Amino acid sequence: MKVLHLITDLDVGGAEMMLFKLVTQPACAGIQPVVVSMKSPGSIGHELARQGIGVHALHVGLDPGSPVAVGRLIQLLRQERPDVVQTWMYHADLLGLVCAAAAGIRQVIWNVRCSNLRLGDYSIVTRLLRGACARFSPYPAGIVVNSRSGRDFHTALGYRARAWHVIPNGFDTDRFQPDASRRQQQREALGLDGDVPVIGLAARVDQMKDHPTFLMAAAKLRRTHPTVRFVLAGRGTADRCGPIARWIAELGLGQVVSVLGEVHDMAAWYPALDICALSSAYGEGFPNVLGEAMACGLPCVSTAVGDAADIIGDTGLVVPVGNPDALAQAWADLIQRGAAARSHLGARARDRVVERYSLKAVAGQYARLYQSVGENRCLA
């Protein structure tokens, strides 16, 4: 069967990476994927094409009501004739539903990746878009969410799905795993001593990721643990004229924070850390960074966003949102426990990911969903 995936863009991000992993996963053998970006192909699109997967770029931006967007997608859907259309995130959800109906394709599945977005931080168009999605939510064959918090939040917003499917993010635990040689290489590249505690945050620069709370916590921890070092990875973090550079300078952290910008091989980066942090203030459903870091054997400290507490379990710590004191105290707790205790927590964290969030098992859930929806199409 053929499944066409429509997503807002194919730059590096949580939803984009989950899509990439899904369509390149052997567990989905027998399903022919086609990937369509509303914007440009992006780095992920180019890699998918290199692996022989059909990739199309509409080059229409994020206006699902654009006549150009509607026309191009309807034409593409009639050309590809997929059995199922899987859309990813609000803009693609609405555009995909409307265009699939116009092209005579009934089997559309939405994929909602976030939880409690603060729409006040976004444009009026985005707020109107989510309201429109709530009104049209009974029409897709089903809605996939990667977290229970995302399902509950959207239900409270007025979403009325025919069927909710909670499918968590999946992780390649062969690629993401502890690696002593990578740890040494990365630390040497960063100029870090082998015994220095290193805390890292992998997140693009965005209000929802709340870098200020991370950096304020770093300034507080440095007062009691002067040897600790911090690393920031993610799109926009290395912008010398951006907010990260300004906040680091204002807090006097220039000597203890390394900024890397967008990192393409995260599996090589995580082993350099001793603790992985997530400081997000809102919007997260199932943060990929937690699963990846845990698979690499790291204890995590996260704010209480999305399903973070359930993902981490007893292998790390969860603190209130927007509380630098609590975040710094949690880091201090793990540092004071010592390397052996952190290693033990990290081993349990990896076991938890292997048991609950393996990519093979998650891809199998998607494959079964597509087959079920496709069978309904054949019976219609």
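The values are calculated or read from the model by the stated rules, or taken from the named source; none is laboratory data. Computed from a predicted structure; not experimentally measured. Neighbour counts run over all protein chains shown; Cβ positions are idealised from the backbone, glycine included. Surface areas here come from the heavy atoms of the whole protein model, side chains and all, with no ligands, DNA or RNA. Shrake-Rupley method; radii C 1.70, N 1.55, O 1.52, S 1.80 Å.
Quick notes
- In the stretch 337-365, the residues that are over 21 Å from N146 (Cβ atoms) form no Cβ pair under 6 Å with any partner that is assigned to a helix (DSSP H, G or I) and among the aromatic types (F, W, Y), whether six or more places apart or across chains.
- The set of residues in the stretch 80-96 being of a type in the set (A, V, I, L, M) and buried (at least 24 other Cβ atoms within 10 Å of the Cβ) consists of V84, V85, A92, L95.
- Residues located in the stretch 329-380, provided they are open to solvent by 60 Å² or more (accessible area, probe 1.4 Å), under 23 Å from the mean Cα position of the chain (by Cα) and aliphatic (A, V, I, L, M): V354
- The lone exception for A49 - which of (1) closer than 23 Å to C99 by Cα; (2) modelled with pLDDT of 90 or more; (3) open to solvent by 20 Å² or more (accessible area, probe 1.4 Å) it fails: (1)
- In the set L48, L97, L77, L58, only one residue is touching a residue at least 60 places away in the same chain (Cβ under 8 Å) and not polar (S, T, N, Q); that residue is L77.
- Elements of type strands (runs of 3 or more DSSP E) contained in the stretch 119-212, each with 3 or more residues being open to solvent by less than 50 Å² (accessible area, probe 1.4 Å) and among the aliphatic types (A, V, I, L, M): 142-145, 198-202
- Subset of the stretch 1-40 (residues that are assigned to a loop (DSSP other than H, G, I, E, B), modelled with pLDDT of 90 or more and buried (at least 20 other Cβ atoms within 10 Å of the Cβ)): T8, D9, L10, I31, M38
- Test for G254: is it on the phi > 0 side of the Ramachandran plot and assigned to a loop (DSSP other than H, G, I, E, B): no
- Considered as a group, the residues in the stretch 72-118 that are in a loop (DSSP other than H, G, I, E, B) and closer than 19 Å to I31 by Cβ include one that is modelled with the lowest pLDDT, and that residue is R106.
- Within the stretch 293-328, tally of residues that are open to solvent by 20 Å² or more (accessible area, probe 1.4 Å), over 22 Å from A217 (Cα atoms) and outside any loop (DSSP other than H, G, I, E, B): 1
- Verdict on L76 being hydrophobic (A, V, I, L, M, F, W, C) and open to solvent by 40 Å² or more (accessible area, probe 1.4 Å): no
- Checklist (1) assigned to a helix (DSSP H, G or I); (2) open to solvent by less than 50 Å² (accessible area, probe 1.4 Å); (3) at pLDDT 95 or above applied to C276, failing item: (1)
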